[in-house]
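Here's the structure we're looking at; comments come further down.
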Amino acid sequence: MTTTFPDLLAAQLRVDGARPLVTFYDDATGERIELSVVTFANWVAKTAGMLQDELDAERGGLLVVDLPTHWQGVVWVAAAWTLGMRVAGPERASGADVVVCGPGSLTSYDASERTVVACSLRPLGGRFTEPLPDGVLDYGAVVLGQPDAFFPLDPPVPGDVAWDDGTTQQQLLAEAAADDLVPQGGRLLTDLPATTRAGLRTLLAPLAHGGGTVWVRNPAADGWRHRADSERATATLRS
């Protein structure tokens, strides 16, 4: 059994890098995006590189993610673990080394007190079209310029805390391996964000079982069953 997130992702890349791992819908806008294991790993590498090389984040530091259900939230959680950082929700923002937020919470954070990165949540990871508050970094304007491969200066180890309640990477991966949320090779349909403690399993269980996850933001009231059928979901989990 793998005991760090980077090892788990690398193992899945070797098994089947072309399979869909992250699929995202926003039923309010009609957006759909699908990332294979390879493409997801590339976004994770670029984001981890941004954290380490642009933001001076380090293994053991705290990343607070304040994003709705969205594929970029999944990428940020994975990037933090690739660097060996702890992850928490916005309630822990006062102790964060880096805060990642979306358009809806931009005014909640002061970039003079800590590093603040904003995600526009526009299709394909596009940058903001309007100026950001002073000191706030535009994720879409910076991340694509990062290298496609990430080399941590201080690689994560199994005992590194992954969630700020003290749960380690090794413990999370053990939970995922034992989780029967999806069968081997299964696909999960969910509207639960991967950026909460309860939502971590929506990423980790399908990844550990060679499957994938379909995340839906603003799910249409009458479209859930059709979406489950069209995406060949083997399990569903609603908030």
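The values are calculated or read from the model by the stated rules, or taken from the named source; none is laboratory data. Nothing here was measured: the structure is a model prediction, and the numbers come from that model. Heads up, the Cβs are rebuilt from the backbone with ideal geometry, glycines too, and the neighbour counts pull from every protein chain shown.
Only one residue in Thr195, Thr202, Thr213, Thr236 is β-branched (Val, Ile, Thr), part of a loop (DSSP other than H, G, I, E, B) and touching a strand residue (DSSP E or B) at 6+ places or on another chain (Cβ under 9 Å), so which one is that?
Numbers: Thr202 fails: part of a loop (DSSP other than H, G, I, E, B); Thr213 fails: part of a loop (DSSP other than H, G, I, E, B); Thr236 fails: part of a loop (DSSP other than H, G, I, E, B).
From the options Thr195, Thr202, Thr213, Thr236, the qualifying one is Thr195.
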Checking Asp191 against (1) surrounded by 13 or more Cβ atoms within 10 Å (Cβ to Cβ); (2) touching a residue at least 12 places away in the same chain (Cβ under 8 Å); (3) over 27 Å from Pro103 (Cβ atoms), which single condition isn't satisfied? (3)
Unmet criterion (only one of (1) in contact (Cβ under 8 Å) with a residue 40 or more places away in the chain; (2) surrounded by fewer than 16 Cβ atoms within 10 Å (Cβ to Cβ)) for Phe150: (2)
Out of contact with any strand residue (DSSP E or B) (no Cβ under 8 Å at 6 or more places or on another chain), surrounded by 22 or more Cβ atoms within 10 Å (Cβ to Cβ) and not polar (S, T, N, Q): does that describe Gly84? yes
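Go through the range 15-30 and count every residue that is surrounded by fewer than 17 Cβ atoms within 10 Å (Cβ to Cβ), charged (D, E, K, R) and either more than 18 Å from Ser230 (Cα to Cα) or touching a Pro at 6+ places or on another chain (Cβ under 9 Å) (or both). Full working, then the answer.
In the first step, residues of the range 15-30 are kept if they are surrounded by fewer than 17 Cβ atoms within 10 Å (Cβ to Cβ); the result is 15-19, 28-30.
From what's left, charged (D, E, K, R): 16, 19.
Retained after the next criterion (residues that are either more than 18 Å from Ser230 (Cα to Cα) or touching a Pro at 6+ places or on another chain (Cβ under 9 Å) (or both)): 16.
Final tally of qualifying residues: 1.
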On the given criteria, is Asp160 free of Cβ contacts under 8 Å to residues at least 24 places away in the same chain, among the acidic types (Asp, Glu) and in contact with a Phe, Trp or Tyr (Cβ under 9 Å, 6 or more places away or on another chain)? no
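When only residues in the range 47-69 that are assigned to a loop (DSSP other than H, G, I, E, B) and charged (D, E, K, R) count, which is farthest from Arg86 (Cα to Cα)?
If we filter the range 47-69 for residues that are assigned to a loop (DSSP other than H, G, I, E, B), which is where we start, we get 55-61, 67-69.
Still in the list and also charged (D, E, K, R): 56, 58-59.
Numbers: Asp56: 15, Glu58: 10, Arg59: 8 Å.
Top of the filtered list is Asp56.
Just name the residue that is nearest to Leu63 (Cα to Cα) out of those in the range 141-192 that are small (Gly, Ala, Ser) and outside any loop (DSSP other than H, G, I, E, B). Quick ask: steps written out before the conclusion?
First, pick out the residues of the range 141-192 that are small (Gly, Ala, Ser): 141, 145, 149, 159, 162, 166, 174, 176-178, 185-186.
If we keep only those that are outside any loop (DSSP other than H, G, I, E, B) as well, we get 141, 145, 174, 176-178.
Numbers: Ala141: 20, Gly145: 21, Ala174: 22, Ala176: 21, Ala177: 25, Ala178: 26 Å.
Step by step, filter the range 141-192, then rank; the result is Ala141.
Which of the residues belonging to the range 138-147 are of a type in the set (A, V, I, L, M) and crowded, with 16+ Cβ neighbours inside 10 Å? Working first, answer last.
Taking the range 138-147 first, the residues of a type in the set (A, V, I, L, M) are 141-144.
Within the range 138-147, Val142, Val143 qualify.
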Note on the range 112-127: residues in contact (Cβ under 8 Å) with a residue 24 or more places away in the chain and either in a helix (DSSP H, G or I) or under 18 Å from His70 (Cβ atoms) (or both) are Val117, Cys119, Leu121, Pro123, Leu124, Gly125
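Pick from Gly102, Gly135: which is closer than 30 Å to Gly17 by Cβ, surrounded by fewer than 24 Cβ atoms within 10 Å (Cβ to Cβ) and either at pLDDT 95 or above or among the hydrophobic types (A, V, I, L, M, F, W, C) (or both)? Step through it out loud before you land on a result.
Values: Gly135 fails: closer than 30 Å to Gly17 by Cβ.
Answer to the selection: Gly102.
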Please enumerate the residues belonging to the range 25-65 that are within 19 Å of Val136 (Cα to Cα) and either β-branched (Val, Ile, Thr) or in contact (Cβ under 8 Å) with a residue 60 or more places away in the chain (or both). Lys46, Thr47, Ala48, Gly49, Met50, Gln52, Asp53, Glu54, Leu55, Leu62, Val64, Val65
Run Leu192 past the list (1) within 24 Å of Ala18 (Cα to Cα); (2) among the aliphatic types (A, V, I, L, M); (3) in contact with a Ser or Thr (Cβ under 6 Å, 6 or more places away or on another chain) and report the number of the one that doesn't hold. (1)
